[in-house]
2 protein chains.
Amino acid sequence: MSRPEAPVPLAIGPTVPAPTLLEKAVVEGGATLSDLDQARGLIWAGGPGEFPDKLPESLEWVQLPAAGVEEWFTAGIFTRHPNIRFTSAAGAFAASVAEHTLMLLLAGVRYLPEHLRAVSWRQQDFFPHVGTLRGKTVTIIGAGGIGRALIPMLVPLGAHIIAVNRSGRRVTGPGIPETVETISTDQLGKVWSRTDHVVIAAPATPATEHLVGAEELARLKPSSWVVNVARGSLVDTDALVAALASGAIAGAGLDVTDPEPLPDGHPLWHLPNAIVTPHDSNPPQLRLAAFADHVAANVARFVAGRDLLAPIDTERGY
Amino acid sequence: MSRPEAPVPLAIGPTVPAPTLLEKAVVEGGATLSDLDQARGLIWAGGPGEFPDKLPESLEWVQLPAAGVEEWFTAGIFTRHPNIRFTSAAGAFAASVAEHTLMLLLAGVRYLPEHLRAVSWRQQDFFPHVGTLRGKTVTIIGAGGIGRALIPMLVPLGAHIIAVNRSGRRVTGPGIPETVETISTDQLGKVWSRTDHVVIAAPATPATEHLVGAEELARLKPSSWVVNVARGSLVDTDALVAALASGAIAGAGLDVTDPEPLPDGHPLWHLPNAIVTPHDSNPPQLRLAAFADHVAANVARFVAGRDLLAPIDTERGY
């Protein structure tokens, strides 16, 4: 990696509980730590409320710690600093959610919930229910950060992947082989019959509400798992409960629900083939390490004068 | 792929419930199906008891369906047919066991057992317990078929891998990057303190009995998971139960136990941080598909005149 002769001073703020990870990321990226008043860049680990009113003339770039920056937009941070390039942490937390998704899918396919209820060996009872992702087709609705992080995790398991995005333009990225099919959302109806398992990782919009409802669930298989890590509203909960209760599908792994939080006594808490995790696929204590990885990557880009990851369009606010 | 002009006739026997998968594998490998009396090779899907006493002069190669071939050795099949090359299915079933291993490890690290007991949202209670494999060190004891199949599944999750084999010679293979460390079994003591999670996938021998006992478990972390998919005897069960009960380690995922079957009432059935699957990581209904993949690969090698996978040393019987 070529580095310019002059050091690139970057500051970190505000005072964070474990700054060492971010300090290491700055150094790993090839910059040097400095006070804010001499810095060319600022790695910000706090909220918009604590953000400095005045930034030094030397400052060119601010890295924010959140993937969604509505709050910063509302707080007027971007308009107050029109000459600064802001980047978000969009994509930084996708790997943790993708790992959680893989866990939910594998636990379902391998029949883990029933295993955990067992208090007796019963190997012959279990044998027919232990499935595999090898040779199976996983349709991933949404090919943003989570979908693109999940694909390289599924490929070595021998799954065939159908990625679904709005445009239908081929999904590419590190670890995404050419054997991955990409289709557009409006072609989704055509792949249900070829689909073994469905992962939902698309944004919640009016267009994606109840994207998976009674009709779609009816076209899946009794061996199919549905995993939702996006937003609860993408699935019709009543239709899902009915499909789980009737055995129309094998099960559901849900990190998000509708309603959310899922109220006590809801059937999804009690159906034996529903796995519910309370929107904890990206828990707070994993976020700092993920943010630090993102910072290291962006610092290296800044030092090298390359395009930064997750630039914020400060006029549109995302 | 270059193929000789003459077709390569291969037979399949005995009558199997779903021969089409094997027929497809033979054709996919570039050979043609034939009766046994004209065949150059025989794909055998049955046991040694049904194996033909007489084989035609034309026959050069027999593919057996098992990974361990002690029974065929004992039945005298190899000595009865001294001019035939026999191959086993060693390695064919490793992918299913590796997938199961990944499932157990992820389910543990992401705290799935407690999630499955929950009947209430409690997100704040769960947050601190949801871990990740990203940036963690997984020590895989045994770098045979299962270990080598597991490594490419762990790499995209961002885990650092220490592979342990007898020789300490670098583990190589498809999807195994150079960042994987390899150490010899006698160096194992030196890596416990760097290890976050342990996977046991080594053969059961007198040398590996209780390879993981009280001392090793004490050197792991309160966040460590131990996954055993090899043989129960490699772990000291009493020491494991004590470590699980005290919280010295986070949990254990066990597809094999000692004793096996695990008797009713055993503490491993009731400890909340033990996941037991009754040696079902390679269930019968997945074996035919895995065997067919192995057959296709070996047929292609036979047709091309290349070395066959999993040749049996018919004098030693393995």
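Just the accessible area per residue of region B:94-276, please: how many Å² with a 1.4 Å probe?
Counting only protein heavy atoms, the per-residue value for region B:94-276 is 38 Å².
According to a simple spin-label model (label point 7 Å from Cα along Cα-to-Cβ), what is the distance in nm between A:ASP313 and B:ARG117?
The two pseudo-label positions are separated by 4.9 nm.
Label region A:94-276 by shape, choosing from rounded, prolate and oblate, from the square roots a ≥ b ≥ c of the eigenvalues of the Cα gyration tensor; if a/c is under 1.5 it is rounded, and otherwise prolate applies when a/b is larger than b/c, oblate when it is not.
oblate
Anything over 29 Å Cα to Cα? Flag those among B:LYS24/B:LYS54; A:LYS54/B:LYS136; A:LYS24/B:LYS221; A:LYS190/B:LYS136; A:LYS24/B:LYS136; A:LYS136/B:LYS54, in the order listed.
On the way: B:LYS24/B:LYS54 26 Å; A:LYS54/B:LYS136 40 Å; A:LYS24/B:LYS221 24 Å; A:LYS190/B:LYS136 40 Å; A:LYS24/B:LYS136 17 Å; A:LYS136/B:LYS54 40 Å.
As for pairs spanning more than 29 Å Cα to Cα, those are A:LYS54/B:LYS136; A:LYS190/B:LYS136; A:LYS136/B:LYS54.
Nearest 500 deg cm²/dmol is fine: what mean residue ellipticity at 222 nm does chain A get from its DSSP H runs of n ≥ 4 alone, each adding -39,500 (n - 2.57), divided by its residue count?
Numbers: 11 runs with 96 residues, N = 318.
Using -39500 (n - 2.57) per qualifying helix, the result is -8500 deg cm²/dmol.
Rank these by accessible area, largest first, 1.4 Å probe: B:ARG170, B:ARG287, A:ARG110.
B:ARG170, B:ARG287, A:ARG110
Quick check: Cα centre of region B:262-286 to Cα centre of region A:26-76, how many Å?
Cα centroid to Cα centroid, the span is 51 Å.
Could you rank the peptides A:273-279, B:199-205 by their average count of other C-beta atoms within 10 Å per residue, with the highest value first?
Top of the packing list down: A:273-279, B:199-205.
How big is the dipole moment of region A:151-241 about its Cα centre under a simple scheme where the beta carbon of each Lys and Arg is +1, that of each Asp and Glu is -1, and everything else is neutral? Debye, nearest 20, please. All intermediate terms of the calculation are to be shown ahead of the outcome.
On the way: 8 positive and 9 negative charges, 51 e Å.
Computed charge dipole of region A:151-241: roughly 240 debye.
With an 8 Å cut-off on Cα pairs and a minimum separation of 6 or more residues, tell me the relative contact order of chain A in percent.
It rounds to 19 percent for chain A.
Given an 8 Å cut-off on Cα distances and at least 6 residues of separation, report the relative contact order of region B:94-276 as a percent.
On the way: 338 pairs, mean separation 35.9, N = 183.
Once normalised by length, the contact order is 20 percent.
Inside 10 Å of the C-beta atoms of B:259-271, what's the mean count of C-beta atoms belonging to other chains?
2
Looking only at other chains, what is the average number of their beta-carbon atoms within 10 angstrom of each beta-carbon in A:131-139?
What the average comes to for A:131-139 is 3.
With axes computed from alpha carbons, what is the tilt in degrees of helix A:284-304 against the longest principal axis of chain A, rounded to the nearest 10 within 0 to 90?
On a 0 to 90 degree scale, this one is about 50.
Could you put A:PHE93, B:PHE126 in order of accessible surface area, largest first, with the 1.4 Å probe and the full protein assembly present?
Most to least solvent-accessible, the answer reads A:PHE93, B:PHE126.
I need the phi-derived Karplus couplings for region A:132-144: 6.51 cos²θ - 1.76 cosθ + 1.60, θ = phi - 60°, integer Hz, Gly and Pro marked x.
Result, rounded to whole Hz: 9, 8, 4, x, 9, 9, 10, 9, 9, 8, x, 10, x.
Using only the alpha-carbon atoms, how far is helix B:94-109 inclined from the longest principal axis of chain B? Give it as 0 to 90 degrees, nearest 10.
On a 0 to 90 degree scale, this one is about 10.
What is the helix-to-structure angle for B:237-246, meaning the angle in degrees between its Cα long axis and the longest Cα principal axis of chain B, kept from 0 to 90 and rounded to the nearest 10?
40 degrees
The values are calculated or read from the model by the stated rules, or taken from the named source; none is laboratory data. Worth saying up front: this structure is predicted, and the values here are computed from it rather than measured. Backbone-built Cβ (ideal geometry, glycine too); neighbour counts: all protein chains shown. Surface areas here come from the heavy atoms of the whole protein model, side chains and all, with no ligands, DNA or RNA. Shrake-Rupley method; radii C 1.70, N 1.55, O 1.52, S 1.80 Å.
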